[in-house]
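Here's the structure, in structure tokens; my notes come after.
What follows is calculated from the coordinates using simple rules that are stated; it is not laboratory data. Owing to the predicted nature of the structure, the values given are computational and were not obtained by experimental measurement. Every residue, glycine as well, gets a Cβ built from its backbone with ideal geometry; the counts of neighbours run over all protein chains shown.
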Amino acid sequence: MEPTVPAILVLEDGRTFRGQSFGATGETFGEAVFATGMSGYQETLTDPSYARQVVVSTAPHIGNTGWNDEDDESSRIWVAGYVVRDPSPRPSSWRATRSLPEQLAAQGVVGICGIDTRALTRHLRERGAMRVGISTIDLDPQALLSKVLQAPAMAGADLAGEVSTDQPYVIPARGEKRFTVAALDLGIKSMTPALMSHHGMEVHVLPQSTTFDQITALNPDGVFFSNGPGDPATAEHAIDLLRQVLAAGIPYFGICFGSQIFGLALGFTTYKLKYGHRGINQPVKDLRTGMVEITAHNHGFAVDAPVGVEVDTEYGQASVSHVGLNDQVVEGLQLTRDGRLVGFSVQYHPEAAAGPHDAGYLFDRFADMMADWRNHA
Amino acid sequence: MPKRTDISSILVIGSGPIVIGQACEFDYSGTQACRVLREEGYRVILVNSNPATIMTDPEFADATYIEPITPEMVERIIDLERPDALLATMGGQTALNTAVALAKSGVLEKYGVELIGATVEAIERGEDREKFKHVVASLSDLPGGAPEVARSIMCHDVDHVVEAARELGFPVVLRPSFTMGGVGSGFAHDEVELRAMAEIGLDASPTTEVLVEESILGWKEFELEVMRDRKDNVVIVCSIENLDPMGVHTGDSITVAPALTLTDREYQRLRDIGIAVIRAVGVDTGGCNIQFAVNPATGRVIVIEMNPRVSRSSALASKATGFPIAKIAAKVAVGYTLDEIPNDITGVTPASFEPTLDYVVVKVPRFAFEKFSTAEDTLTTHMKSVGEAMAIGRNFTEALGKALRSLEDSRAPLRLAGPVMDKQEALRSASRPHDGRLQDVVQAFRAGATVAEVFEATKIDPWFLDQLVMILDVAHQVAKAPGLDAGVLRLAKRHGLSDAQIGDLRGMSPGQVRSLRWALNVRPVYKTVDTCAAEFAARTPYHYSTYDEETEVSSRTKPAVLILGSGPNRIGQGIEFDYSCVHASMALSAAGYETVMVNCNPETVSTDYDTSDRLYFEPLTEEDVLEVYAAEAAAGPVAGVIVQLGGQTPLKLAAALQSAGLPLVGTSPQAIDVAEDRGEFGKVLAAAHLPAPRFGMAASASQALKIAAEIGYPVLVRPSYVLGGRGMEIVYDDATLTTYVTTVTLASETNPIMIDKFLDDATEIDVDALFDGQDLYIGGIMEHIEEAGVHSGDSACALPPITLGAHVIDQIRTSTRAIAEGVGVRGLINIQYALAGNQLYVLEANPRASRTVPFVSKATNVQLAKAAALIMMGATIRDLREQGILNLASDGASVPASAPVAVKEAVMPFNRFQTSEGHSVDTLLGPEMRSTGEVMGLDGSFGIAFAKSQTASYGSLPVAGRVFVSVADSDKRHAILPMQMLADMGFEILATSGTAHVLRRNGIDAQVVRKRSEGTSATGEPTVVDMILNHEVDLVVNTPYSGASSGSTRQDGYGIRSAAVMADIPCVTTVQGLIAAVQGIAAVRKGRITVRSLQDWGPLMRPRP
């Protein structure tokens, strides 16, 4: 067994956990959140929505299947830090090309292991998500606490600029091209355009600063806003852009952050959940069909909208389409005009990766909506 | 959708006796189902022949039928009760097969009974391999394409099987259709093996079908537990990974939850397939289990099979996740959708979710090969384990260590110190799947093997192998540390090392390690199984220990009673003890105590988080129990610790727990010692002037011979410590005794053998009684049908006793009281007597709940274990009589004339085991217990009650046809009369020459058939074995030749009995059994067998107050 390097984790309320270094050594700060998925750490770590967050894995064994060349959701690991109980020393998977600790160290991601992750999770559940620091350099809790308190909070953070692509790029449609989609990258996961592509969509992934004119220049059949990190209330450009899209009547689909932007564009508000939804076992009810789907979640904010009520907006009739069954949080919105669907969004992740595929039908719904729009345009 | 209101009564079918492959997990699921359905307001009708179940307690159903689970008997129940619906997915393969038979014969249609849970079509799509294959292949819409099944060919005869194997290439797998627990299935590596297995498999299949399949031996094996409601919502409750790769039945594998070696993509592929399969098969309402094989080199996925019902795996998954599959399946079966059902653990979230775990669960099987010394112990796709233990830890190593010590098998915990094996030898041994393979793997690593080498030998996933290497690294650190400080101890504990293992590494006793550990404050904390990895607060205190920072045990004000359960099922200690523990919990909870259950058996009702106020899923070892006690003592007052209800497992801990200061209640450990120590117990008997058979203890052959000469043959010999009569034999001569002492038991000063006078021709009597220090209450007196010498657990018995006179009953009462008083019992005591001539001998006394407590409770309508628990906590028998828990004036020794006769019959697992030559093991009953379960037959008269017990356990007694008889000389005289009766009833009698000769002289026409040793005659006249195998005989009567340890006569008997087992023909091996069978046959011939519910019998069983 290799000698271990001590590490310390300090929360902004002073609670301290002592463990061992995992991944890179050094010091890191961010918002502490827990994620309950038992599989898919590679996808989680590379999900841009986790930017600036220190992720606590509730599943104790992490790294079992190592790291492979296919499952990244973006070009890098985004989490600010990683907290696990029992990292696997050696991976076992026919697809693995290297180990998780190697990959974390290579990308400079500081982690801690060997701590009571359940105690930490319960603490976050009771007290809410909060700032945290992990260090292998400064093992004095007080000193680390003062640094934690200087770190920025998540509420009010505008992070889309940090994670979005600099240059537009195109994911071609697989098979026959049926639609052109303009996808605003607010922290997009690679599985999203990949699934769209499977549905015959040519996806133009655009930087978060893209203008409405740049979008219309593509002559898209639909516009998509992706997931992403940060406080949606700060995303003024995106909200403004979406209002122009809606006013133009272009079909809209949003995921996660893109759903919050949709809510804000429609005139609803957003708020920060106490400790968020981060897991791949979350039940959501589709109010249109009454069916329950098990879905992947990763959101700290949510839309505040009335359930079971149609709200008139300047873009049409807005309503809540999906509700989380654990806590009745709004998980999806839809917009109809003259009884026809013109926009919808979900707070969760139909692209999964990691997570179940139950909500994959939403990509069909997007395709149907675009086809319907084209037929009636 | 709300629950259905168009049905109001539901028939639930249980799973019958505990057999290998179908154990108390179905009592757990059935109990949950009955409870839920009653809560929902349905009238519940239950049929189950197993009296040792909680589900057959009269309060769990409106009408409880302890009757044989056969289509004929169930039809009679349907005729009487007219249920609207039938739920058959809770009672294992037995219930499912019965339901399918009832549907196919038109009974369900005739009476307008709707099958709920799964339709016949769905059951067949799931279970019929050809249909299932088509279902899987049809799922081409799945992302990633249609799943694959192993390439296979369905065959109906042996030649076709051979042809198919040639096409697919050896090795191939054989899978007979519609069999339970994999009977007749396995790998064939060559044609010889194939032909032998094909014959067995074709025979075992009710449809004479065997599937020949490509081999996926050595692949990774996974299972998913899937639930679906009638709105088509589907959730995966749990994933399970088998540590033992493909080739070992999942029931015999070490399994782990959740799956640990799949990436999300691979896991989601299995999930997609699982959901698509349950939808396509059309299990509309309920749970099912789907098994997968994954090629470790390429990831190719093969769907192996599905069970369209709850299963052993679903019980495990329920315990592993906190998601009660059977309970939810029952709700879904009556129309609820998953989102309408609350998750009881959180109270605020719905059941339409997928549990997520922040711990690791390991299940390890428990085997009983020591009971079947000639049986081949290589593990195959044919399940052989008799029980299992589960453990929960915050990581794999911790859970594995806990699980292995939960087995209570000294060979199971990983040996981390001591002599190192030869590497090649260890690898060779590890390459063959068998009980103890994991130990070989660890020894191979200790001998220097690499992960690659061990993987090559075993195909166990390198991730698990690496974890074992990690355990050895930790052990190395423990051994090499200059001193045991808190850091090293904590490291060892976090990887599951017990105090005993740490002690082995440091040359310390477990007690010394514990003292040091406590001094350094290295103590476990208790976490909660909450279905959601702490995302939501849990309301249910379902705990497990781990070495982490924060404990979740909440404080309480009510006094607690800790009840120690019975651990993994094994032969001699099974569901009966769990029954008593559950009853204690119910009674004490009702009496105002906070009940705390400690157990590690995932199959049981006791480990349902609904059963007790608190549940600790922990090993039943001194170390683990002391820690649970410490945690509960810190949480609030502890009024008592109960060790007498869970069998030997907790009883063995009594002295240690008492010396550690735990408040044991009930019979004291000193009193237990008095009963167990032959010398002390002899004094009790002497003081009361009670005779016992003469006995002695011997540490060598010469001593043994001397004792035998003194007390006279035959003698009963056994090792001094026994459970379920292990190693017992009846010996008739010096030569056999010498062999026994020197080779079988290796007697020594520290391990002497006991030698008892064996009472030939004695009637054995079993008594269960309660004693409170003042009053005695006889629970029941059971008269054994087989003579003394057959282990009481294997012997059929009747209650009330069918031949004992009032004088003997009085003697039993006086003797029982004297023993209970002399030993110092507070609670239950079980005493075995033998009546030889007119003399009542005391054979043994066990001051604890016995295996027969549930049977007696059912047969007398008095719940003895509840009474015992209350007595242990200070109630008196007088109080309990007044409260109506016990009979007011009488007791179980004086059963009212209106009461029925209850017959208990043991169920033997002989058909599960084969010798290495492929023969079935001998079926003789003896002093060593071999039965796995029991059934009860209940009727107004003994004959029908006995006949029912036979129907429920082995298949119905024939009412006409051919009887083959061959009895030992000593039995011939007693066999004449019953054989005469059979002849008079029109049976054709076949016999071996010796027996035929005696019968003819007594005027019974008997036809001589050839012995196997005589072979087929020149004219082609078959031997008796051939005739049995060809189903030309309807009943076999064969008693063993006493004392002959070898010779053709004995071999002939073995061949005859084995053939009967293989042909599934009733086989009687004692004269007493023959007499009872004849009584049964006569009674059945006389009239139609009727059924009657326990609720109807109840008032007749207890005298009016």
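Note down the magnitude of the dipole of the stretch B:533-645 about its Cα centre, charges +1 on Lys and Arg C-beta and -1 on Asp and Glu C-beta and zero elsewhere, to the nearest 20 debye.
Working: 5 positive and 18 negative charges, 100 e Å.
Computed charge dipole of the stretch B:533-645: roughly 480 debye.
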**Report entry** Net lengthening on full extension, residue B:1088/residue B:137 (0.36 nm per residue, minus Cα-Cα)
**Finding:** 337.5 nm
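Expressed as a rounded percentage, what relative contact order does chain B have, with Cα pairs under 8 Å and six or more residues apart? The partial results should precede the final answer.
Details: 2599 pairs, mean separation 106.2, N = 1105.
The value is 10 percent.
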Query raised in the report: In whole angstrom, how far apart do the alpha carbon centroids of the stretch B:219-287 and the stretch B:575-647 sit?
Result: 31
Query raised in the report: Any idea which of B:88, B:100, B:52 is furthest toward the positive side of the dipole for the stretch B:52-109, if Lys and Arg beta-carbons carry +1 and Asp and Glu beta-carbons -1?
Result: B:100
Report task. Run the numbers on the stretch B:718-868 and let me know its relative contact order in percent, using alpha-carbon pairs under 8 Å that are six or more apart. Result -> 22
Query - Residue exposure sequence - B:3, B:327, A:189, B:904 - by fewest surrounding Cβ within 10 Å - result: B:3, B:327, A:189, B:904
Query raised in the report: Taking only Cα atoms, what is the 0 to 90° angle, nearest 10, from helix A:236-247's long axis to the longest principal axis of chain A?
Result: 20
Query - Phi to ³J(HN,Hα) by Karplus 6.51 cos²θ - 1.76 cosθ + 1.60 over the stretch B:648-662, Hz, x for Gly, Pro - result: 5, 4, x, 4, 4, 8, 3, 4, 5, 5, 5, 5, 7, x, 6
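To the nearest 0.05, what FRET efficiency results for residue B:1018 and residue B:709 with a Förster distance of 60 Å applied to their C-beta separation? Please list the in-between numbers first.
Numbers: r = 49 Å, r/R0 = 0.82.
Taking R0 as 60 Å, the efficiency between residue B:1018 and residue B:709 is 0.75.
If you take the beta carbon distance between residue B:550 and residue B:1030 as r and set R0 to 60 Å, what does 1/(1 + (r/R0)^6) give as a FRET efficiency, to the nearest 0.05? Walk me through the numbers on the way to the answer.
Details: r = 68 Å, r/R0 = 1.13.
In this case the efficiency is close to 0.35.
Calculate how many DSSP beta bridges within chain B are antiparallel, expressed in % of all such bridges and rounded to the nearest 5.
On the way: 105 of 153 bridges.
In chain B, DSSP labels about 70 percent of beta bridges as antiparallel.
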Query raised in the report: Is the protein assembly as shown rounded, prolate or oblate when judged by the Cα gyration tensor, a ≥ b ≥ c being the square roots of its eigenvalues, rounded requiring a/c under 1.5 and prolate requiring a/b larger than b/c?
Result: prolate
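Cβ under 9 Å from residue B:937's Cβ, residue B:937 left aside: what net charge do those residues give with Lys, Arg +1 and Asp, Glu -1?
Details: positive: B:904, B:948; negative: B:67, B:905, B:939.
With Lys, Arg at +1 and Asp, Glu at -1, the net is -1.
Could you pull out the trypsin sites (Lys or Arg not before Pro) across the stretch B:514-557 that fall in loop regions by DSSP (anything but H, G, I, E, B) with no more than 15 other Cβ atoms inside 10 Å? All intermediate terms of the calculation are to be shown ahead of the outcome.
Values: sites: B:514, B:517, B:527, B:539, B:556; in loops: B:539, B:556.
Hits after loop and neighbour filter: B:539.
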Report summary line: PRE zone check, label point 7 Å out along Cα-to-Cβ of residue B:821, amide N under 19 Å, scope the stretch B:766-782, hits B:768-779
Query - Among B:355, B:336, B:410 - extreme Cα towards positive end, dipole of the stretch B:308-436, charges at beta-carbon - result: B:410
Query raised in the report: Any idea what angle helix A:361-376 forms with the longest principal axis of chain A, computed on alpha-carbon atoms, 0 to 90 degrees, nearest 10?
Result: 30
**Report entry** Note, ³J(HN,Hα) from phi for the stretch A:216-221, Karplus 6.51, -1.76, 1.60, rounded to Hz, x at Gly and Pro
**Finding:** 5, 4, 7, 6, x, 7
**Report entry** Inter-label distance, nm, simple model (7 Å from Cα along the C-beta direction), residue B:146/residue A:271
**Finding:** 5.2
Query raised in the report: Taking the Cα-to-Cβ direction at residue B:589 and at residue B:557 and moving 7 Å from each Cα, how far apart do the two end points lie in nm?
Result: 2.1
Report summary line: Per GNM of chain A with C-alpha springs under 10 angstrom, the most fluctuating residue out of A:97, A:58, A:44 is A:97
**Report entry** DSSP bridge orientation in the protein assembly as shown - percent antiparallel, rounded to nearest 5
**Finding:** 65
Query - Loop chymotrypsin sites (Phe, Trp or Tyr not before Pro), the stretch B:582-621 (other Cβ atoms within 10 Å of the site Cβ: 15 or fewer; DSSP) - result: none
Query raised in the report: How do B:795, B:140, B:890, B:318 rank when sorted from fewest to most other Cβ atoms within 10 Å of their own Cβ?
Result: B:140, B:890, B:795, B:318
Query - For residue B:209, distant residues with modelled amide H under 5 Å away - result: B:177
Report task. Using a/c under 1.5 as the rounded threshold, could you call chain B rounded, prolate or oblate? The axes a ≥ b ≥ c are square roots of the C-alpha gyration tensor eigenvalues, and prolate needs a/b larger than b/c, oblate otherwise. Result -> rounded
Query raised in the report: Say R0 is 60 Å: what FRET efficiency, to the nearest 0.05, do residue B:838 and residue B:630 get from their beta-carbon distance?
Result: 0.65
Query raised in the report: Using 7 Å Cα-to-Cβ label points, what is the residue B:659/residue B:5 separation (nm, one decimal)?
Result: 6.6
Report task. Putting +1 on Lys and Arg Cβ atoms and -1 on Asp and Glu Cβ atoms, find which of B:606, A:360, A:244 reaches farthest to the positive end of the dipole of the protein assembly as shown. Result -> B:606
Query raised in the report: Expressed as a rounded percentage, what relative contact order does the stretch B:40-138 have, with Cα pairs under 8 Å and six or more residues apart?
Result: 20
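About the Cα centre of the stretch B:622-723, what is the dipole size in debye to 20, counting +1 per Lys and Arg Cβ and -1 per Asp and Glu Cβ, all else neutral?
It works out to roughly 640 debye.
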Query raised in the report: Relative to the present Cα-Cα distance, how much length would full extension add between residue B:889 and residue B:610 at 0.36 nm per residue of separation?
Result: 97.0 nm
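Find how much the distance from residue A:75 to residue A:288 grows on full extension, using 0.36 nm per residue of separation minus their present alpha carbon separation; answer in nm with one decimal.
Numbers: separation 213, 0.36 × 213 = 76.68 nm, distance 3.64 nm.
Extra length available between residue A:75 and residue A:288 comes to 73.0 nm.
Please get the size of the charge dipole for chain B, origin at its Cα centre, with Cβ charges of +1 on Lys and Arg and -1 on Asp and Glu, quoted in debye to the nearest 20.
Values: 97 positive and 137 negative charges, 280 e Å.
Result for chain B is approximately 1340 debye, rounded to the nearest 20.
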